[in-house]
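Below is one structure; the comments refer to it alone.
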Amino acid sequence: MDNDFNKELIEYLDKKFTGIDERFDEVDKKFVGIDERFDEVDKKFTGIDERFDEVDKKFVEVDNKFDRLFDVFATKDDFQEIRKEMMTQNDKHQLLMSTDNYARKADTFFQELVALSNQTRRHEKWIQMLAEKLNVKLEY
């Protein structure tokens, strides 16, 4: 009886283990499918990585272009430096007032020069008249 029981137990357990093996085979097949899907996803990510590498290269090119632009265009510091060197409105006003004063003095000077020139001509004329009346010859 023990032999029959042992045989039945072995057959029973063998069927159970065979069922478990079949289930493991099915699970293995599912894992193979999952592995294939992961391989496809990995390929897609590789493609995406390549595209991101291209985009990164383009960003580097754009950065280089901006660097060249910053070398050409004036920065805020450059404008502040230029602003310090430029004339202020007050400086312009003072320069205009100085120029106006100079022009006024020059005008006065030229008027006095014309007056002196006229006076000198009159004096020369008088001197010539006196020299004629006194019969004196003038030498220049």
Worksheet, complete the sentence: Helix 76-85 sits off the longest principal axis of the Cα atoms of the chain, rounded to the nearest 10 on a 0 to 90 degree scale, by 10
Worksheet item: Is it possible to state the helix-based mean residue ellipticity at 222 nm for the chain, with each DSSP H run of 4+ residues giving -39500 (n - 2.57), the sum divided by total residues, to the nearest 500 deg cm²/dmol? What is it?
Response: -33500 deg cm²/dmol
Worksheet item: Against the longest alpha carbon principal axis of the chain, how many degrees, from 0 to 90 and to the nearest 10, is the axis of helix 89-134 turned?
Response: 20
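Could you tell me the ratio Rg/Rh of the chain? Both radii from Cα atoms, Rh via Kirkwood. Before the final figure, lay out each step's value.
Working: Rg = 56.4 Å, Rh = 28.5 Å.
Here the Rg-to-Rh quotient is 1.98.
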Fill in: Whichever lysines have a C-alpha closer than 24 Å to that of K84, once near sequence neighbours (fewer than 8 apart) are set aside
K76, K92
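Computed from the coordinates by the stated procedures, all read-outs in this text should not be read as laboratory data. Please read these numbers as outputs of a predicted model, since none were measured by experiment.
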